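Input: a single structure, listed below in structure tokens.
The values are calculated or read from the model by the stated rules, or taken from the named source; none is laboratory data. Model, not experiment: these values are computed from the prediction. All Cβ positions, glycine included, derive from the backbone under ideal geometry; neighbour counts span all protein chains shown.
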Amino acid sequence: MKKYFAFLLSAVILMLASLSGCGYEYAELELRGTYDKSLEGTELTVYNWGEYLSLGEDGAIHVNKEFEKLTGIKVNYITFTSNETMYSQLKAGGTHYDIIIPSDYMIQQLINENMLQKIDMSKISNYDLIKDDYKKLYFDPNDEYSVPFNVGMVGVIYNKELTGGEIEHSWNVLWDEKFKDKVLNFDNPRDAFMTAQMILGQDLNTTDKADWDAAAELLKEGKSNLQAYVMDEIFNKMETGVAAIAPYYAGDYLTMKEVNPDLEFFYPDEGTNIFVDSICIPNNAENYDAALMYINFLLEPDIATANAEYLGYASPNTAVIENEDYAYYQNEILYPAEEDMPKVQYYHALDSETTKYYEDLWMEVKLY
């Protein structure tokens, strides 16, 4: 009986250790920056996209645990599904975030609404690793409010077994009735509208209401062809073969293909959206100095490489791009040659009237 209880107690301890993450083995990091425990015992709240940070899966580096070990700062990690969701939470107040990682157009909007703090770049010693291509971009021309984290473009993922082989390299495949009930589309307005705007040859940053009306009508026409609007749910649906075609971010395709080798990818001929997601500090941050330390940590070569390999997105960090041991070194999807680069547009923050107009149209599309 004692042996039984000893066995039971051991099993319970192992289970609790697994649940608490105690089994994580810390990495031996080569660090460029300096990290101390002057802020030990404080807390840092990070608000990030889902599936957007290396958190120790499959033996990878657990970014937050490594930071906690180095600094003694407790990381509270929360995720969002879209820029608009993040914005709504930030606008509503009541919750304080020390780090957020929005996309370019949303950063522009947050700056315009005085919702971000300037980053003391003198404390970001690893900022020299950011490739010049991603500095002084339109949304932060003086590099005051943001530090690039990931770069990506939107394309179309498809299951060649379910589609019967290669398909037309066009956004039109989302509307093709032969794929009825096998197609997904984005569950956020800017990306969903983009799929229609590209077909219509529109500027993605148009302020002409007639353009948005036309895009909304096209989305309504295609809604009956859809299986669902999705964000993070795309992983399960595409990896398991529940859906056959979906627009999504190129980096996520690479992680999905590791699970399902039948998945293929293309950038549509009409063009697509390019984006830069960057690290920012909101005005309501409560631990500014810890946020600076965390930003610098995210730029560390070992950490940036772990994130780039886990996410499959293109990195703006030269220590990653130039590392021949990097899993996606010179990957043609993430880093296409100049002659293979698709036509791209950035989203810009639009005036409040246009934003409300397309958001109201989006609700109409969803309810149609």
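Remarks
- Out of 53, 70, one residue alone is part of a loop (DSSP other than H, G, I, E, B), modelled with pLDDT of 95 or more and buried (at least 17 other Cβ atoms within 10 Å of the Cβ). It is 53.
- The lone criterion from (1) over 27 Å from residue 189 (Cα atoms); (2) within 18 Å of the chain's Cα centre (by Cα) left unmet by residue 346 is number (1).
- The helices (runs of 4 or more DSSP H) found entirely in the range 269-338 that carry 1 or more residues being touching a Leu at 6+ places or on another chain (Cβ under 9 Å), over 22 Å from residue 156 (Cα atoms) and free of Cβ contacts under 8 Å to residues at least 24 places away in the same chain are 318-321.
- Scanning the range 322-359 for residues that are assigned by TED's automatic domain parsing to the domain that holds residue 310 and over 21 Å from residue 266 (Cβ atoms) gives 322, 323, 324, 325, 326, 327, 329.
- Condition check for residue 45: among the hydroxyl-bearing types (Ser, Thr, Tyr), modelled with pLDDT of 90 or more and not in a helix (DSSP H, G or I): yes
- Within the range 256-286, being closer than 30 Å to residue 96 by Cβ, of a type outside the set (Ser, Thr, Tyr) and touching a helix residue (DSSP H, G or I) at 6+ places or on another chain (Cβ under 7 Å) holds for 275, 276, 279, 280, 281, 282, 285.
- If you go through the range 176-199 and pick out every residue that is surrounded by fewer than 19 Cβ atoms within 10 Å (Cβ to Cβ) and in contact with a strand residue (DSSP E or B) (Cβ under 9 Å, 6 or more places away or on another chain), you end up with 5.
- Every residue from the range 226-270 that is touching a Lys or Arg at 6+ places or on another chain (Cβ under 6 Å) and surrounded by 19 or more Cβ atoms within 10 Å (Cβ to Cβ): 243, 244, 263
- Search result, residues across the range 177-225 that are closer than 21 Å to residue 342 by Cβ and touching a Lys or Arg at 6+ places or on another chain (Cβ under 7 Å): 184
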